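Below you'll find the structure, written out as structure tokens, and then a few comments.
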Amino acid sequence: MAVEDKLETEREVPAVPTSARALTVVPLKYPGRWVLAIVILVLLALLVRAFVVADIDYAAVVEYLTVPGILEGVRNTLLLLLLSMALGLVLGVLTAVMRQSPNPVLRWVGGGYVWLFRGTPLLVQLLIWFNLAIIFNTFTIPGLVSMPMNTLMTPFLAALLGLGINEGAYISEIVRGGILSVDHGQREAASAIGMPRAKIMRRIVLPQAMRVIIPPLGNEFIACLKFTSLAYTISFSELLHSANKIYTANFKVIELLFTVTIWYLALTTVFSVLQQMLEDRLGRSAPGSRPSFARRLRKNLALRRTA
Amino acid sequence: MSKQLIVHAEQVTKSFGDLEILKGIDLQVFRGEVLCIIGPSGSGKSTFLRCINHLEKIDGGRLSVNGSLVGYRQNGDRLYELRDKDVCRERANIGMVFQHFNLFGHKTALENVIEGPVQVKGISKKKATEQGMALLDRVGLGSRAHAYPYAMSGGQQQRVAIARALAMEPQLMLFDEPTSSLDPELVGEVLDVMKDLASSGMTMVVVTHEMGFAREVADGIVFIDNGCVVERGQPHDVLGNPQEERTRAFLSAVL
Ligand SMILES: Nc1ncnc2c1ncn2[C@@H]1O[C@H](COP(=O)(O)OP(=O)(O)OP(=O)(O)O)[C@@H](O)[C@H]1O
Ligand SMILES: [Mg+2]
């Protein structure tokens, strides 16, 4: 029908049809897509089935999500994550700014820090921090404290230093990239109204660098969340270590690893959403900024309610 | 009544590496005067302007603004470099407007204007906002106070940039080709603001290719080529009856 209509119209008015409404658009069909989609769905179904029929106690997976041992692991993981990222942020911003300094010693120290800690595996760094007592058996600040390194360097502190200092090196690179992305004219304009150097960095350069910094920083946050599981090797009771303690007693290895997986996924999902909201907020002074994530969410919920 | 000397350059030289960009510039600007600097691209106009507020350091000669050396303190026959803090205080008295506006991209028009007064002069935010609004009104942008730079036309951005410089209540305004990156139909609105400013008695040094503006507004014109002042004088003399061959060649190319 539609095709006939079209032909008729074309015969009568060869150039431009009088009314575009009279024409029906026939979308191109993609049979290949359908075939591919079905193949993939079948394969997925087979995979799911394999796990369903396998000898896994799914009730236990769910049950262990909220047992005190695991919850404590989650708490410790989050604590380690937040403190390491805080330490990493402080070190990262500090060294990134140092690397812009006119003072060559500061530049060199900042660059050396990044070189050292990005150039070695995190796991090795963690083990070194943890075993520091072998070479320095007492920790001394003259006149203030003196204590055995073994007492001071708990698994938690070793994990915090290892992760935080390592993160700092990556964050330093991210922040430096952000600083370099800010047009030099911004600094000149700020100098021209008489702003001192430190204030220019704080009020003009870093805020504008944020838009470049936040997305990779969010990724770094999520990467760091996963890296906290390495603290398992130095017996800090983060999530994985807590699960390990339980499954060495009851042999529900896969179940507990699944429990842990669900927790990690849930946490990374929450942080991804937070990251998106933060990016939206920072995007307000940018062209083409879209409505904030929260507003989109509210709007969608409202639509659903009225529908 | 003796005229007060605002900008005084004596044999100012400046090099980038081995390349001598300014080869001994002599120049004076008195209070309330508008001096236009013209010259071919790469002749050192911007560099000289940037030396006036110490965005660049001079290598030789003397350069003073309102009686005090730019970036240095003289003690006997020695010049001591000033600390960042003191350089900032000197800069705060000199407004500068750039070819590419350089508005702070993360701040609204009003926030751009009050940034200096609040952060540098330590004026209360409330008072700075009042003054800032008055300045935005003066450049015809009171209604755009809360717009971000990306949402403004080039002409509007440049007018905000002028307001931002004026907010510091400078004794001297420097303009580096303020209309060169504007669409032709937006040049007029910026030049109008500048004319207004000139007639209010502001001392101005303007690097420009707008010969019409120079003819109408300038009290003096200097033609710089290859780091030297080639010719100077009243606008109608320099523009209408240039004495030097190089000036004639330049003017016939731009007019
Ligand atoms: N930071 C710098 N480092 C090295 N060379 C520079 C620097 N700034 C400027 N120059 C050089 O100095 C010369 C003069 O530059 P300047 O910007 O002062 O010229 P101008 O007269 O303003 O030209 P235009 O009309 O194109 O703006 C140019 O050859 C330029 O390449
Ligand atoms: Mg220039």
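The values are calculated or read from the model by the stated rules, or taken from the named source; none is laboratory data. All of these numbers come straight from a predicted model, not from anything done at the bench. Quick reminder, even Gly has a Cβ in these numbers, built from the backbone with ideal geometry, and neighbours come from all protein chains shown. For the accessible areas, the whole protein counts, side chains as well, though only heavy atoms, and no ligand, DNA or RNA atoms are used. Shrake-Rupley method; radii C 1.70, N 1.55, O 1.52, S 1.80 Å.
Here are a few things to note about the model shown:
- Candidates B:Thr108, B:Thr129 - the one that is away from chain A (no Cβ under 12 Å) and hydroxyl-bearing (Ser, Thr, Tyr): B:Thr129
- Counted residues, region B:17-29 - those being in contact (Cβ under 8 Å) with a residue 24 or more places away in the chain and either more than 14 Å from B:Val206 (Cα to Cα) or within 10 Å of ligand 1 (Cβ to nearest atom) (or both): 7
- Any hit, region A:40-54, residues being in a helix (DSSP H, G or I) and in contact with a helix residue (DSSP H, G or I) (Cβ under 8 Å, 6 or more places away or on another chain): no
- Among the residues making up region A:195-224, those that are facing another protein chain (nearest Cβ under 8 Å) and in contact with a Lys or Arg (Cβ under 8 Å, 6 or more places away or on another chain) are A:Met195, A:Pro196, A:Ile204.
- Of all residues in region A:94-126 being over 21 Å from A:Leu206 (Cα atoms) and polar (S, T, N, Q), the one that is surrounded by the fewest Cβ atoms within 10 Å (Cβ to Cβ): A:Thr120
- Residue count, region B:170-205 (criterion: within 15 Å of the chain's Cα centre (by Cα) and either without any contact (Cβ under 8 Å) to a residue 40 or more places away in the chain or within 16 Å of ligand 2 (Cβ to nearest atom) (or both)): 13
- Exactly one residue out of A:Asn137, A:Asn150, A:Asn131 is under 15 Å from A:Ser235 (Cβ atoms) and open to solvent by 80 Å² or more (accessible area, probe 1.4 Å), and it is A:Asn150.
- Among the residues of region B:101-142, those that are under 20 Å from the mean Cα position of the chain (by Cα) and open to solvent by 20 Å² or more (accessible area, probe 1.4 Å) comprise B:Phe101, B:Val120, B:Leu135, B:Arg138.
- Filter result for B:Thr179 (hydroxyl-bearing (Ser, Thr, Tyr) and crowded, with 21+ Cβ neighbours inside 10 Å): yes
- When residues in region B:30-60 are screened for being in contact with an Asp or Glu (Cβ under 9 Å, 6 or more places away or on another chain) and more than 10 Å from ligand 2 (Cβ to nearest atom), 12 of them pass.
- Residues satisfying the stated conditions in region B:166-207, i.e. outside any strand (DSSP E or B), among the polar types (S, T, N, Q) and more than 16 Å from ligand 1 (Cβ to nearest atom): B:Gln171, B:Ser199, B:Ser200
- Residues that are open to solvent by 10 Å² or more (accessible area, probe 1.4 Å) and more than 13 Å from every other protein chain (Cβ to nearest Cβ) within region B:154-170 comprise B:Gly154, B:Gln156, B:Arg159, listed in sequence order.
- When residues of region B:78-105 are limited to those that are without any contact (Cβ under 8 Å) to a residue 12 or more places away in the chain and not charged (D, E, K, R), the one farthest from the other protein chains (Cβ to nearest Cβ): B:Leu79
- Reported count of residues in region A:166-194, each being more than 8 Å from chain B (Cβ to nearest Cβ) and assigned to a helix (DSSP H, G or I), is 18.
- Flag not set for B:Ser68, criterion: free of Cβ contacts under 8 Å to residues at least 24 places away in the same chain and within 16 Å of ligand 2 (Cβ to nearest atom).
- Residues in region B:32-62 that are part of a strand (DSSP E or B), surrounded by 24 or more Cβ atoms within 10 Å (Cβ to Cβ) and either away from ligand 1 (no atom under 11 Å from the Cβ) or within 14 Å of chain A (Cβ to nearest Cβ) (or both): B:Val34, B:Cys36.
- Check on A:Ile70, out of contact with any Pro (no Cβ under 7 Å at 6 or more places or on another chain) and either more than 15 Å from A:Gly162 (Cβ to Cβ) or in contact (Cβ under 8 Å) with a residue 40 or more places away in the chain (or both): yes
- Subset tally (residues that are within 16 Å of ligand 1 (Cβ to nearest atom) and open to solvent by 30 Å² or more (accessible area, probe 1.4 Å)) for region B:1-12: 0
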